[in-house]
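As structure tokens, the structure follows; a few thoughts come after it.
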Amino acid sequence: MNTVGNRQRASRMPSYRYRDVYQRVDVPNTGRAWPGNRITQAPLWVPVDLRDGNQALAEPMDPARKRRFFELMISMGYKEIEVGYPSASQTDYDFVRLLADTELAPEDVTIVVFTPARRDLIERTVESVRGIRNDVVIHLYTATAPTWRTVVLGHDQASLKELILDGARDVLRAAGDLPDIRFEFSPEVFNLTEPDYVLEVCDAVTETWQASPDRPVILNLPATVEIATPNVYADQIEYMHRNLARRDSVILSVHPHNDRGTGVACAELAVLAGAERVEGCIFGNGERTGNVDLATLALNLHAQGVDPMIDFSDIDEIRRTVEYCNRIEVHARHPYVGDLVHTAFSGTHQDAIKKGFAEHHARAAETGVPAHELDWRVPYLPIDPADLGRDYAAVIRVNSQSGKGGIAYLLENEYGITLPRRLQIDFARRVQDHADGSGHEVTATELWQLFEAAYLQPNPAIALSRFENSADEHTSITLRVDGIEHTSTHTGTGPVEALTAALGEHGRKVDIVALHQTSIGSGNDSEALTLLEYRTDSGTQWTAGRDRSVLAASLTAVVNAAHCADRY
């Protein structure tokens, strides 16, 4: 390796404490057919947002959010969905029963439920799916890697294999007679498990479950914690692909995580290596750095001319729903969906994009092919933003983006207020109107005055007189509507949800998209500022509330939204 010009010095980090993957597990030498393969069709995508993603949330989804997420995935075209861990929580169990008791799941959608290899939990899992008219997959898992075997489970190879087979037999006894049931097994931490041992266990499981071409078993091979470059995972997958005893009776599935930031690459190389099915989360939510991002994987195929078989043509609505359900914002630089991914700040990039658009439209006119059907080759834009339901405003008006950043910087520097990106855009339009009218520089003080006028005006018709939370999960809301006080009591919801319900009873529906917390000032003199995004017939809008209390600021923002929503 030529190190001329490399002046880097050893860091102070104790890297010697860690072993590389080749010291931790035997990496099979497969002969590597996968580097010469190409992905020409989409694998079966299986979103696990309602189980794996849900387990990673600080506040797991309530039934309403879980249902909304499920309906989103159905509308996007997913045909196999892992819906929960019914033995782990009553909420998950009840959601599976909802699918059994309603027609929420279309008949062509397969429902997957997750269980550890323990008899009582397997039995409860099987009970949860009784009566479901859809195809069902019961997903059994056990960790198999050496450290997990010895430190966590207290087993050697032989005893752990017997534990897994006992679980597989329990699944067969409990669910084997149910119609339209198939089985899935995950040797958790597959990527740190000895190749020959995991192959032995997987073959024993497919034999126990009597895998056949007309009733295949799903073998799901997780990179539970990423530990190597993606080529290593591809070698491990190809080894299994080539050596499984009943390969024609197995659906080979992968479940990469993103600890090294290479989950997408691991999944793509695993498909080249023989995987037919990919589990992950839309936009990559999950433990630690997340599960593999199904949106990025699908749209990577789209950008290569391969139909991903999932519809992302309204990506902003998908993002809003996922953010609402997870209560986690998607980063502005997130591939394909982030607010800034189609925006250039550099003047040279702007020039190239504008010339690319001009050439694209000229070619469309010359060939007679509509611009939205013409092959895409605009510089710096890997795909046409219109494919995802976006317009070109952020691309064409790129020089206005720095204005948004400057506005946000002044508010944060002078007042300590951090604005989410979409509110920056909304507020910048108002500032631009003001600046056009005045013709002079807008100071930080003027910005704050404009912000107060736009988002912090009190509601003249409705006021929150008081609210009370009781120990038995009752919330009492008293509203003054047109001078008359009305009190209502709400059970099993938080104060914000109770207030929206109370407002709805008075014809002031508030459809909250997101709540963002920031503050005005710092230290003992700071005030809470809640920024609220809500949906109206004309699109999403913003309002705000301020108070010494975070909760009171949030409730004020909701009341202000009820007033503002009346104007749209």
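Where strands (runs of 3 or more DSSP E) fall entirely within the range 100-212, those with at least 2 residues that are among the hydroxyl-bearing types (Ser, Thr, Tyr) are at 110-116, 136-143.
Restricting the range 462-471 to residues that are modelled with pLDDT of 80 or more and over 19 Å from Asp482 (Cβ atoms), which is surrounded by the fewest Cβ atoms within 10 Å (Cβ to Cβ)? Looking at residues that are modelled with pLDDT of 80 or more and over 19 Å from Asp482 (Cβ atoms), I get Glu468. With respect to the conditions (1) out of contact with any strand residue (DSSP E or B) (no Cβ under 6 Å at 6 or more places or on another chain); (2) in contact (Cβ under 8 Å) with a residue 24 or more places away in the chain, Ala143 falls short on a single one, namely (1). Within the range 200-223, the set of residues being open to solvent by 20 Å² or more (accessible area, probe 1.4 Å) and β-branched (Val, Ile, Thr) comprises Thr208 only. Looking only at the range 431-461, residues that are part of a helix (DSSP H, G or I), open to solvent by 50 Å² or more (accessible area, probe 1.4 Å) and not polar (S, T, N, Q) come to 6 in all.
Taking the numbered list (1) open to solvent by less than 90 Å² (accessible area, probe 1.4 Å); (2) of a type outside the set (A, V, I, L, M); (3) outside any loop (DSSP other than H, G, I, E, B) in turn, Pro28 passes all entries but (3). When residues in the range 235-284 are screened for being among the charged types (D, E, K, R) and under 16 Å from Pro216 (Cα atoms), 5 of them pass.
Applying the set (1) in contact (Cβ under 8 Å) with a residue 40 or more places away in the chain; (2) open to solvent by less than 80 Å² (accessible area, probe 1.4 Å); (3) over 27 Å from Met240 (Cβ atoms) to Arg119 leaves exactly one unmet item: (2). Check the range 70-79 and report whether any residue there is within 23 Å of Leu294 (Cα to Cα), of a type in the set (Ser, Thr, Tyr) and part of a helix (DSSP H, G or I). Within the range 70-79, one or more residues are within 23 Å of Leu294 (Cα to Cα), of a type in the set (Ser, Thr, Tyr) and part of a helix (DSSP H, G or I).
Selection over the range 339-386 of residues that are in contact with a helix residue (DSSP H, G or I) (Cβ under 7 Å, 6 or more places away or on another chain), at pLDDT 90 or above and outside any loop (DSSP other than H, G, I, E, B) gives a count of 1.
Would you check if there is a residue in the range 68-75 being of a type in the set (Ser, Thr, Tyr), at pLDDT 95 or above and surrounded by fewer than 17 Cβ atoms within 10 Å (Cβ to Cβ)? Yes: one or more hits.
Please work out which residue is least open to solvent (accessible area, probe 1.4 Å), limiting yourself to the range 238-274 and to residues that are basic (Lys, Arg) and in a loop (DSSP other than H, G, I, E, B). By that ranking, first place goes to Arg246.
The single condition among (1) open to solvent by 20 Å² or more (accessible area, probe 1.4 Å); (2) over 26 Å from the mean Cα position of the chain (by Cα); (3) not small (Gly, Ala, Ser) that Ile227 does not satisfy is (2).
Of all the numbered requirements in (1) more than 23 Å from Glu82 (Cβ to Cβ); (2) free of Cβ contacts under 8 Å to residues at least 40 places away in the same chain, Val232 misses one, and that requirement is (2). Kindly provide the set of residues from the range 435-467 that are within 34 Å of the chain's Cα centre (by Cα) and of a type in the set (D, E, K, R), ordered by number. Scanning the range 435-467 gives a single hit, Glu452. Across the range 387-399, the qualifying residues are those that are surrounded by 13 or more Cβ atoms within 10 Å (Cβ to Cβ) and part of a loop (DSSP other than H, G, I, E, B), and the one among them that is modelled with the lowest pLDDT is Tyr392.
Yes or no: the range 289-309 includes at least one residue that is without any contact (Cβ under 8 Å) to a residue 12 or more places away in the chain, open to solvent by 10 Å² or more (accessible area, probe 1.4 Å) and assigned by the TED database to the domain that holds Leu72. Checked the range 289-309: at least one residue is without any contact (Cβ under 8 Å) to a residue 12 or more places away in the chain, open to solvent by 10 Å² or more (accessible area, probe 1.4 Å) and assigned by the TED database to the domain that holds Leu72. Residues in the range 275-315 that are closer than 17 Å to Val46 by Cβ, touching a Gly at 6+ places or on another chain (Cβ under 9 Å) and assigned to a helix (DSSP H, G or I): Ile282, Phe283, Gly284, Leu294, Ala295, Thr296, Leu297.
Being over 30 Å from Arg327 (Cα atoms) and open to solvent by 70 Å² or more (accessible area, probe 1.4 Å) is the filter here, so list the residues in the range 38-67 that pass it.
Arg38, Thr40, Gln41, listed by residue number.
Residues that are of a type in the set (Lys, Arg), surrounded by fewer than 15 Cβ atoms within 10 Å (Cβ to Cβ) and out of contact with any His (no Cβ under 9 Å at 6 or more places or on another chain) do occur in the range 331-348.
The values are calculated or read from the model by the stated rules, or taken from the named source; none is laboratory data. This one's a predicted model, so the numbers in the text were calculated from it and none came from an experiment. Counting neighbours? That spans all protein chains shown, and the Cβs are built from the backbone with ideal geometry, glycine included. Protein only, heavy atoms only, side chains kept; ligands, DNA and RNA dropped before computing areas. Shrake-Rupley method; radii C 1.70, N 1.55, O 1.52, S 1.80 Å.
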